[in-house]
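The values are calculated or read from the model by the stated rules, or taken from the named source; none is laboratory data. Since we're looking at a predicted model, the values are computed, not measured. Because the Cβ atoms are built from the backbone with ideal geometry, glycine has one as well, and the counts that use them run over all protein chains shown.
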């Protein structure tokens with residue numbers, strides 16, 4: 001787990017503001033869900049045989065003996081909130097969320113045990129049109145962030161019945177090659193052989209490539225949904241490739257699944273992923289209801305943003321220098337007056353005293369464009385001095401009753 005330091009925060013803030021703007025333009029409303037949920041919520045939704053539940057969740061018992069877990073992902077909690085608060089009456093319902101998730105994984109670049117996701121979920125829309133619009137919304141987000149070069153891979157997992165037949169074929173294939181399976185694949189073989197297809201082990205790739213294709217087990221309706229999705233994506237100019245081995249790591253997916261992938265982050269190439277989960281609401285105790293969503297990894301997107309362009313913290317416009325014991329109260333009052341009347345003006349006040357020279361050194365280090373100087377002499381005459389720190393413009397004196405007008409003109413020159 002790690003800190004997000006002030007020098008990094010401009011990237012995070014730009015990402016979150018851009019997402020809020022784009023998602024709102026597509027009709028999404030924000031929802032905020034708890035960091036801690038009952039463990040059974042995740043074992044039921046994600047699947048007991050997944051790596052997330054078996055090896056990665058932070059789970060503990062509280063004083064009452066209830067099993068609780070730090071959330072490893074956001075979709076299950078959003079579904080629980082939607083059902084618990086009776087929100088499905090407004091379907092199709094479009095929600096988005098943002099916040100920390102927790103998985104006990106081996107830390108590496110782009111993957112930490114506390115990580116952050118931005119996600120979007122849509123409930124009550126069954127057609128491939130919403131699948132396509134979500135992917136177009138992702139693409140628009142990348143454009144707003146200045147991120148290029150992401151590759152969209154898509155696949156269809158079909159219905160539960162189609163996957164059941166496919167699992168049987170996979171079990172036969174991998175059982176026939178049991179001696180070549182690694183430890184994780186042996187464990188997955190009996191519980192959910194579909195999860196073997198998600199293995200990243202280099203030793204398993206040849207065997208996975210030779211496995212039966214899920215596309216051969218899809219029914220007419222599933223094929224039609226997937227074909228129509230591709231036509232919509234073509235119409236929206238969302239470039240994509242079919243990856244028949246893409247299964248995603250969570251058990252609740254059906255029909256459309258997708259990943260946005262980069263080659264610039266090493267092994268952690270997936271920056272956004274999701275799919276359709278038409279059976280999840282019923283699994284959580286609701287009526288059968290279609291759903292689809294995705295989650296973006298904020299750490300990975302920030303890394304891509306950092307490599308594309310430098311974003312610096314916003315320095316103050318003005319650094320207020322106060323000289324003389326009797327100037328501090330008036331200086332603090334003047335700073336509040338400026339902030340109140342010119343909200344876009346960033347004002348930093350020198351605190352903790354210091355000589356005139358040391359205050360100017362602090363003003364320079366702050367990155368401010370102007371030093372606003374209040375000395376006892378200026379105060380007696382109802383004036384302040386302004387010194388330009390980044391240009392050769394000379395120092396000037398301004399009457400206090402003209403200061404608001406001066407700064408308004410400086411911020412918005414004609």
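List of remarks:
- Taken together, the criteria place residue 229 among residues that are over 16 Å from the mean Cα position of the chain (by Cα), in a helix (DSSP H, G or I), surrounded by 23 or more Cβ atoms within 10 Å (Cβ to Cβ) and assigned by TED's automatic domain parsing to the domain that holds residue 52.
- Of the strands (runs of 3 or more DSSP E) entirely within segment 301-414, those holding at least 3 residues that are under 41 Å from the mean Cα position of the chain (by Cα) occupy 318-323, 347-349, 370-375.
- In segment 234-287, the residues that are without any contact (Cβ under 8 Å) to a residue 24 or more places away in the chain and closer than 25 Å to residue 213 by Cβ: 234, 269
- Residues within segment 266-299 that are part of a helix (DSSP H, G or I), more than 16 Å from the chain's Cα centre (by Cα) and buried (at least 20 other Cβ atoms within 10 Å of the Cβ), tallied: 2
- Tally of residues being surrounded by 13 or more Cβ atoms within 10 Å (Cβ to Cβ) and within 18 Å of residue 367 (Cα to Cα) across segment 1-18: 3
- Residue 149 surrounded by fewer than 18 Cβ atoms within 10 Å (Cβ to Cβ) and part of a loop (DSSP other than H, G, I, E, B): yes
- Condition met for residue 171 (in contact with a helix residue (DSSP H, G or I) (Cβ under 8 Å, 6 or more places away or on another chain), surrounded by fewer than 20 Cβ atoms within 10 Å (Cβ to Cβ) and assigned to a helix (DSSP H, G or I)): yes
- Here residue 91 meets the list (1) in contact with a strand residue (DSSP E or B) (Cβ under 6 Å, 6 or more places away or on another chain); (2) within 28 Å of residue 156 (Cα to Cα); (3) modelled with pLDDT of 95 or more almost entirely, failing just condition (3).
- Test for residue 141: is it over 19 Å from residue 15 (Cβ atoms), under 17 Å from the mean Cα position of the chain (by Cα) and either touching a residue at least 60 places away in the same chain (Cβ under 8 Å) or not assigned by TED's automatic domain parsing to the domain that holds residue 261 (or both): no
- With respect to the conditions (1) part of a loop (DSSP other than H, G, I, E, B); (2) surrounded by fewer than 18 Cβ atoms within 10 Å (Cβ to Cβ); (3) within 27 Å of the chain's Cα centre (by Cα), residue 246 lacks only one, and its number is (2).
- Close contacts from segment 400-414, counting a first residue that is closer than 17 Å to residue 383 by Cα and assigned by TED's automatic domain parsing to the domain that holds residue 341 and a second that is at pLDDT 90 or above and loosely packed, with under 13 Cβ neighbours inside 10 Å, with Cβ to Cβ under 6 Å and a gap of 6+ residues or different chains, come to 400/382; 404/341.
- When segment 152-168 is filtered for residues that are buried (at least 19 other Cβ atoms within 10 Å of the Cβ) and part of a helix (DSSP H, G or I), the ones remaining, listed by number, are 162, 163, 166.
- Test result for residue 325, loosely packed, with under 14 Cβ neighbours inside 10 Å and out of contact with any strand residue (DSSP E or B) (no Cβ under 7 Å at 6 or more places or on another chain): yes
- Set side by side, the residues 195, 187 differ, and just one is assigned to a helix (DSSP H, G or I), touching a residue at least 60 places away in the same chain (Cβ under 8 Å) and not assigned by TED's automatic domain parsing to the domain that holds residue 101, which is 195.
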